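Please read the structure below before turning to the comments.
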């Protein structure tokens, strides 16, 4: 048996870091949005009694460290069945170390794909619970669309879909580690007003959404390359606003008009390898085929 699943990237329209918890994690409040940039995950059953992984992207670990492998093993633990053997092939398009939840999306696709191949033994909520035990972004990647995430990022509330628009994503070579981002934000002396609450006051107008894009990590990391990139994107013709996604280092701008978005992307393609024009999606995963 074999199944192919599209796993969509995510961006953070807002990201409020509310403080460190007693367990060492952080409470956040963020509006997360699936976008059309995706990886393709192919799950193929074999008789090896092992989970193996292959990936088109150099540098991605193809062993126990890969989130996809962790999700597969946790899935079989949950349904209390032996592993007959599966190969996970990841056709990677979502840049790594970008704040786009590429690894989490791959893990989410594995959970969905295995559940389909094994006869839908678990509900979406149960899949999200497995995902949450491995990575905070995985439950969102299973649910997808436009979601308010709270707590450590796993308490999800579906909100109305993001209005139609075009999104230009740029991933510069610089990488930001998540621990580095949280260490910087912990040095704040005060927590700013919630950007998430402000955006939710009127989520019908893409112009207002663009104006209220904000990420707490931008101010605390103070990475000049990323701040300059954000400024340049926001100054492109037709740009409604720009923001860094997650803990970085991908930065995106929002446009009403496709032509303006494409013109902006052309400017940055001269300097960066990873530049994409995409749109909001209403789902985090999509089954392509099964045989």
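Every number in this text was worked out from the coordinates using simple rules, so none of it is lab data. Nothing here was measured: the structure is a model prediction, and the numbers come from that model. Note that each Cβ is placed from the backbone with ideal geometry, even for glycine, and that neighbours are counted across all protein chains shown.
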Open item on the list: On the principal axes of its Cα set, how long, how wide and how thick is the range 166-278? Give whole Å, largest value first.
Closed with: 42, 35, 18
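Viscosity 1.567 mPa s, temperature 4 °C: give me the Stokes-Einstein translational D for the range 97-238 in µm²/s, with Rh taken as the Kirkwood radius over C-alpha pairs.
74 µm²/s
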- [ ] Report the equivalent ellipsoid semi-axes for the range 31-84 in whole Å, largest first, defined as the square roots of five times the eigenvalues of the gyration tensor built from alpha carbon atoms.
- [x] 23, 16, 11
Open item on the list: If you consider only alpha-carbon coordinates, what radius of gyration and Dmax does the range 1-121 have, in Å?
Closed with: 15.7, 47
TODO: Counting only C-alpha contacts under 8 Å and six or more residues apart, can you give the relative contact order of the chain as a whole percent?
DONE: 27 percent
Open item on the list: Given a Förster distance of 30 Å, report the FRET efficiency between residue 161 and residue 2 from their Cβ-Cβ distance, rounded to the nearest 0.05.
Closed with: 0.40
Task: Sum of -39500 (n - 2.57) over DSSP H runs of 4+, divided by residues of the chain (222 nm, nearest 500) - done: -9000 deg cm²/dmol
Open item on the list: Eigenvalues of the Cα gyration tensor times 5, then square-rooted: what semi-axes does that give for the chain, in whole angstrom, largest first?
Closed with: 32, 21, 18
- [ ] For residue 266 and residue 73, compute 0.36 nm times the residue count separating them, minus their Cα-Cα distance, and round to one decimal in nm.
- [x] 65.3 nm
